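The structure appears below as structure tokens.
The values are calculated or read from the model by the stated rules, or taken from the named source; none is laboratory data. Note that the structure is a prediction, hence the values are computed from the model and not measured. Glycine also receives a Cβ, built like all others from the backbone with ideal geometry; neighbour counts cover every protein chain displayed.
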Amino acid sequence: MKTELINLLKTFGFPVYRQGSMNSEEDYPSSFFTFWNIETPEDKHYNNEAARAVWGFWVYLYSDDPSIVDAKLEEARKLLKSNDWIVEGKGEDVASDVETHTGRMFTCYKIENY
């Protein structure tokens with residue numbers, strides 16, 4: 001699921017990083033996505049065997065242009081929904097480690113049937 005998520009986010013032309021994996025010494029790109037796998041519980045048990053996993057992710061978009069953050073995060077949300085991802089809400093503002101960038105994020109899930 002990580003690969004699918006990364007490939008979908010890359011269609012926007014921005015770099016995609018696992019949250020916390022950027023080198024603290026390198027400059028931030030103008031705009032970029034990060035993600036974090038928050039949980040992956042198994043579900044739909046029968047005879048003590050799971051029939052699926054539910055992959056949960058936080059998806060963040062940071063940019064030095066606030067209009068990109070708002071517009072592209074909404075486009076990403078719609079893209080994931082059109083690819084059978086479950087997206088919770090419209091997102092929320094998040095803090096950035098640098099003054100030049102603002103960010104927003106949403107929570108999403110994808111079901112992996114076994």
Scan (1) of a type in the set (Val, Ile, Thr); (2) more than 19 Å from residue 15 (Cα to Cα); (3) touching a residue at least 40 places away in the same chain (Cβ under 8 Å) for the single condition residue 87 breaks and write down its number.
-> (3)
Just for the range 95-114: of the residues that are over 30 Å from residue 46 (Cα atoms) and crowded, with 16+ Cβ neighbours inside 10 Å, which one is modelled with the lowest pLDDT?
-> 96
Got a number for residues in the range 90-107 being without any contact (Cβ under 8 Å) to a residue 40 or more places away in the chain and hydrophobic (A, V, I, L, M, F, W, C)?
-> 2
Filter the range 40-86 down to residues that are of a type in the set (D, E, K, R), in a strand (DSSP E or B) and either surrounded by 16 or more Cβ atoms within 10 Å (Cβ to Cβ) or at positive phi (or both), then give me how many there are.
-> 1
Pairing a residue in the range 67-81 that is at pLDDT 95 or above with any residue that is buried (at least 17 other Cβ atoms within 10 Å of the Cβ) and part of a helix (DSSP H, G or I), where Cβ atoms lie under 7 Å and the two sit 6 or more apart in sequence or on different chains, gives 76/9; 79/8; 80/8
All positions within the range 22-39 that are more than 11 Å from the chain's Cα centre (by Cα), over 16 Å from residue 66 (Cβ atoms) and not acidic (Asp, Glu) = 22, 23, 24
Look through the range 1-38, keep the residues that are modelled with pLDDT of 95 or more and in a loop (DSSP other than H, G, I, E, B), and return whichever of them is farthest from residue 95 (Cα to Cα).
-> 1
